[in-house]
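The next block holds one structure in the form of structure tokens; read it before the comments.
The values are calculated or read from the model by the stated rules, or taken from the named source; none is laboratory data. The model shown is predicted, which means the values in this text are computed figures rather than measured ones. With ideal geometry, Cβ positions are generated from the backbone for all residues, glycine too; neighbour counts draw on all protein chains shown. Side chains are part of the model used for accessible areas, which takes the heavy atoms of the whole protein and leaves out ligands, DNA and RNA. Shrake-Rupley method; radii C 1.70, N 1.55, O 1.52, S 1.80 Å.
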Amino acid sequence: MATSGTTTFESSFYIDDIITEAYERIGMFDYSGNNIKTARRSLNIMFQEWANRGLHYWEIKNNSITLVDGQSEYTMYRSTADGTSDATAVYGVDDVLEMSYRNSSSVDFPLTKINRSEYQSLSNKTDEGTPTQYFVQRFIDKITVTLFLTPGSTEAGNFINYYYVSRIQDAGSYTNNADVPYRFVPCMVSGLSYYLSQKFAPQRTQEMKLLYEDELQRALQEDGSSSSSY
């Protein structure tokens with residue numbers, strides 16, 4: 001029996017295909033340009049709502065900060081529209097998960113993440129030395145990381161290596177692919193159908209919601225690493 005020999009469906013399944021499939025599921029086969037625009041807007045809103053569903057492991061990324069003598073606070077931006085004058089900025093950051101101090105020999109020393117109360121209780125926040133702790137603040141437009149101890153001249157030029165949660169990219173052009181792995185294509189289409197039903201087929205909203213939540217739950221359960229966390 002002949003098979004296609006390919007596994008590229010999601011790479012040729014564009015934003016306009018997602019929109020078409022979602023409209024067909026709610027029984028709309030004839031729609032205008034404004035309907036396409038509102039569907040793309042709903043898709044972007046859904047991607048933002050997914051950020052409230054827990055970690056999406058395909059969006060965890062790795063980066064490094066070059067330490068500056070006497071500088072304890074470092075900034076990353078949530079959106080590419082923020083901090084555009086900062087040529088060295090990292091964009092699309094939603095949260096910082098883990099950090100390590102990396103010395104000139106490329107040896108890592110894990111840092112401990114502390115909360116606001118723990119940081120506030122530190123008596124001398126300007127003490128200089130090798131960082132051992134970090135405090136993350138999440139604002140509307142940016143994320144700041146404050147290190148303790150403050151890097152001194154000995155640490156300057158070394159790095160903080162960190163893992164962070166990146167935002168799901170906007171839908172953008174209708175000929176783009178969605179910034180999701182193939183396992184999330186079914187729930188993405190079901191989710192957009194649910195969002196569009198609220199506008200165009202409210203009698204089917206409850207039905208679409210049940211299908212969406214069921215498919216999203218299965219995708220979230222499959223997401224992540226298969227290694228033991230014991």
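Residues of the stretch 186-193 include at least one that is closer than 30 Å to I26 by Cβ, over 22 Å from the mean Cα position of the chain (by Cα), surrounded by 13 or more Cβ atoms within 10 Å (Cβ to Cβ) and not aliphatic (A, V, I, L, M). Filter the stretch 144-167 for residues that are polar (S, T, N, Q) and either farther than 29 Å from E49 by Cβ or outside any strand (DSSP E or B) (or both) and give the result. T146, T150, S153, T154, N158, N161, listed by residue number. For the stretch 168-227, a tally of residues being more than 30 Å from K61 (Cβ to Cβ) and in a loop (DSSP other than H, G, I, E, B) returns 1.
Might you check whether a residue that is basic (K, R) and in contact with a helix residue (DSSP H, G or I) (Cβ under 6 Å, 6 or more places away or on another chain) occurs anywhere in the stretch 214-221?
Within the stretch 214-221, none of the residues are basic (K, R) and in contact with a helix residue (DSSP H, G or I) (Cβ under 6 Å, 6 or more places away or on another chain).
Mind listing just one residue for me: the one in the stretch 1-24 that is of a type in the set (V, I, T) and open to solvent by 60 Å² or more (accessible area, probe 1.4 Å) and, of those, farthest from M188 (Cα to Cα)? Spell out the reasoning first.
Step one: filter the stretch 1-24 for residues of a type in the set (V, I, T), giving 3, 6-8, 15, 18-20.
Adding the requirement that they be open to solvent by 60 Å² or more (accessible area, probe 1.4 Å) leaves 3, 6-8.
On the way: T3: 26, T6: 22, T7: 19, T8: 17 Å.
The extreme case among them is T3.
For K199, the conditions (1) farther than 30 Å from G70 by Cβ; (2) crowded, with 20+ Cβ neighbours inside 10 Å are fulfilled apart from (2).
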